[in-house]
Amino acid sequence: MMSNVGYDKQQPETIQQMFGSIASRYDRANAILSFNLHRYWNKQLAKHATNNSPGTDYLDLCSGTGDIAFCIAEEVSSPSKICLLDFCPEMLEIAKTKAPKSPHEFTYLQGDAQELPFDDNSFDSITISYGIRNIKSPERCIKECKRVLRDRGVLSVLELTRPTHPIMKFGHQCYLKGILPIIGKFVTENQQAYEYLCSSIHHFVSPDELSKIMKSTGFDSVSIKPLTGGIATLVTALNNEFFTVT
Ligand SMILES: C[S@@+](CC[C@H](N)C(=O)[O-])C[C@H]1O[C@@H](n2cnc3c(N)ncnc32)[C@H](O)[C@@H]1O
């Protein structure tokens with residue numbers, strides 16, 4: 001679907017370029033635009049990804065400026081390997097400057113989340129936050145996650161979503177259509193980027209559809225957890241080698 005502002009996930013280079021252009025302002029914009037709620041959502045994601053992980057190899061896809069990877073680092077006590085992958089080099093460069101001192105080993109990779117440069121069965125836990133919405137083929141990405149996850153490995157996807165409760169829904173629409181593009185313009189100095197963000201929330205697959213993709217890819221124990229009335233949603237799944245798709 002072509003976005004009306006020129007950023008189009010069917011043309012990934014436009015998305016890459018957009019994130020490159022807002023990278024230095026991304027963290028500040030996130031904090032202001034989410035009223036810092038993203039910190040709570042990110043923590044929930046990191047807790048799920050670490051509490052349920054059978055091992056110590058973590059992969060954060062669409063890692064951006066590294067918030068999820070560094071949240072994971074706070075949650076795990078045993079020395080772990082945490083790989084950050086993103087196709088936007090500017091976002092990764094900022095992540096490198098934010099890395100905390102910790103016993104963990106961080107690796108930064110520029111790459112496409114739909115074509116992962118890893119062997120099969122390489123990771124115990126994979127996270128994707130606010131990223132899958134921007135990916136041309138979420139199905140390809142989820143299939144790649146399944147391939148590189150070990151048996152009993154967990155996939156945890158956090159996304160901005162649309163609340164279903166009528167009052168929440170109305171407030172959310174007002175925020176997305178009226179407030180976010182205006183504040184977004186000032187904090188990112190790129191109004192088009194935040195218009196894209198709004199339209200991508202409207203057009204992205206729902207948590208139900210995302211969970212169906214996970215199930216059809218062969219993931220087991222798929223669960224959906226709405227956060228803050230469904231403004232964000234955590235969708236999680238288990239890679240159970242003995243699970244068969246019916
Ligand atoms: C909204 S940001 C989210 C960043 C980070 N996960 C966070 O929680 O703040 C989306 C990120 O996804 C990356 N991205 C989008 N499509 C991608 C793809 N196909 N492969 C790798 N990274 C991608 C963008 O470069 C951007 O850094």
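Bear in mind that the values in this text are calculations on the coordinates, not laboratory data. Computed from a prediction, not measured in an experiment: that's the story for all the values here. Reconstructed Cβ throughout: ideal geometry from the backbone, glycine too, with neighbour counts over all protein chains shown.
The table below lists the values:
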quantity: Contour excess over end-to-end distance, with Cα ends at S206 and T164 and 0.36 nm allotted per residue; calculated: 14.0 nm
quantity: Normalised contact order of segment 63-208, rounded percent, pairs of Cα under 8 Å and 6 or more residues apart; calculated: 18
quantity: Relative contact order computed over the chain (Cα-Cα under 8 Å; 6+ residues apart), in percent; calculated: 20
quantity: For the chain: Kirkwood Rh in Å [reciprocal of mean 1/r, alpha carbons]; calculated: 18.1
quantity: C-alpha long axis of helix 37-51 to longest principal axis of the chain, angle in °; calculated: 10
quantity: Residue-wise HN-Hα coupling along segment 27-34, computed from phi with Karplus coefficients 6.51, -1.76, 1.60 (Hz; x: Gly, Pro); calculated: 5, 5, 4, 4, 5, 5, 6, 9
quantity: Separation of the K177 and D27 label points, Cα + 7 Å toward Cβ, nm; calculated: 3.5
quantity: Rounded to whole Hz, the Karplus (6.51, -1.76, 1.60) HN-Hα couplings of segment 17-23, x for glycine and proline; calculated: 5, 5, 5, x, 6, 10, 3
quantity: Additional length obtainable on full extension of the chain from Q11 to A99, 0.36 nm per residue less Cα span; calculated: 28.6 nm
quantity: Length released on extending from N51 to Q191, taking residue separation times 0.36 nm less the Cα-Cα span; calculated: 46.6 nm
quantity: For segment 3-46, convex hull of alpha carbons as volume per residue, Å³; calculated: 108
quantity: Low-density loop cleavage sites - trypsin sites (Lys or Arg not before Pro) in segment 67-113, where at most 16 other Cβ are within 10 Å (DSSP); calculated: K101
quantity: Centre separation in Å (Cα based) which lies between segment 17-51 and segment 120-194; calculated: 10
quantity: Principal-axis tilt of helix 191-203 within the chain, Cα atoms, nearest 10 degrees; calculated: 60
quantity: Using θ = phi - 60° and Karplus 6.51 cos²θ - 1.76 cosθ + 1.60, couplings along segment 148-156 (whole Hz; Gly, Pro as x); calculated: 8, 7, 7, 4, 6, x, 10, 10, 10
quantity: Dipole axis of the chain (+1 Lys, Arg; -1 Asp, Glu on Cβ), positive-most option in G218, L116, T164; calculated: T164
quantity: Amide proton proximity set for A232, modelled H, under 5 Å, gap of 5+; calculated: T161, L227
quantity: Counting DSSP beta bridges with both ends in the chain, the antiparallel % (nearest 5); calculated: 40
quantity: Descending Cα extents along the principal axes, segment 78-169, whole Å; calculated: 46, 31, 27
quantity: GluC sites (Glu not before Pro) restricted to segment 166-246 and DSSP loop, no more than 15 other C-beta within 10 Å; calculated: E189, E241
